[in-house]
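Below is one structure, written out as C-alpha cells; comments come after it.
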C-alpha cells in the first residue's frame, strides 16, 4: 500500500529537518524507522496517521529522543555522501529530471498511456463513489485500498506532468527557517 508522508514531513521538519527531508527520498525507510523507533511503532503500525497521532501527543522526552534521532540521522546521511540537506533535495530533483529527459529521448509512449489509464481510473472511482453505485461493494476494505492506490497514482502522474515546484519551494523555505533557528542556538 502506498502511504503519503507529506503531513509527517510538515509536522517533523521543525524538530528534525534531516529526517523530514529524507521522507520521500530513496532512503525514506531510514527516516521512517528513526521516527517509529522514537514512538515505539512497529512496522505494522508505521502509518503516517499513527506517526502524526504520536507526534501530537509526544512527551518532552519523546521530542528530545526525536532530536537525538535527528542528530544520528544527519550523521548517517553525511556518511553516505549528503553533506547538506539541499544535496539530498537536488538528488530527488535530478532523479525526476533524468526520467523526463529519458522519456524525451526515447520517445516511448508507455508512460503517457499508463498516465492516461491512471487518470481514467481515478475519475471512474470518483464517479463510482459520487453516484453511489453498489454501496455494499464500495464498503469492502479492498475497494478502499485500491481507491487509495489509484489516488496516489493520480497524484504522482499529476506531479510528474505538472511538476511540484510550489511544494518544493515551500519545503525549501521551511528547511531554511529551521536551519536558521539551529544556527541561532
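The values are calculated or read from the model by the stated rules, or taken from the named source; none is laboratory data. Here the structure is a predicted model, which means the values were calculated and not measured. No Cβ is skipped: glycine too gets one built from the backbone with ideal geometry, and neighbour counts run over all protein chains shown.
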*Quick one: would you say residue 29 is surrounded by fewer than 16 Cβ atoms within 10 Å (Cβ to Cβ) and modelled with pLDDT of 85 or more?*
no
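Would you confirm, using the coordinates I've provided, whether residue 56 is loosely packed, with under 13 Cβ neighbours inside 10 Å and closer than 14 Å to residue 12 by Cβ?
Values: loosely packed, with under 13 Cβ neighbours inside 10 Å: yes; closer than 14 Å to residue 12 by Cβ: yes.
Yes, satisfied.
Please verify whether the range 130-138 includes one or more residues that are modelled with pLDDT of 70 or more and surrounded by 14 or more Cβ atoms within 10 Å (Cβ to Cβ).
no
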*Note down all Cβ pairs under 9 Å where the first residue falls in the range 101-127 and is part of a helix (DSSP H, G or I), the second is surrounded by fewer than 11 Cβ atoms within 10 Å (Cβ to Cβ) and at pLDDT below 80, and they're at least six residues apart or on different chains.*
127/133
*Identity of the residue in the range 35-53, over 17 Å from the mean Cα position of the chain (by Cα) and touching a residue at least 24 places away in the same chain (Cβ under 8 Å), that ends up surrounded by the most Cβ atoms within 10 Å (Cβ to Cβ)*: 38
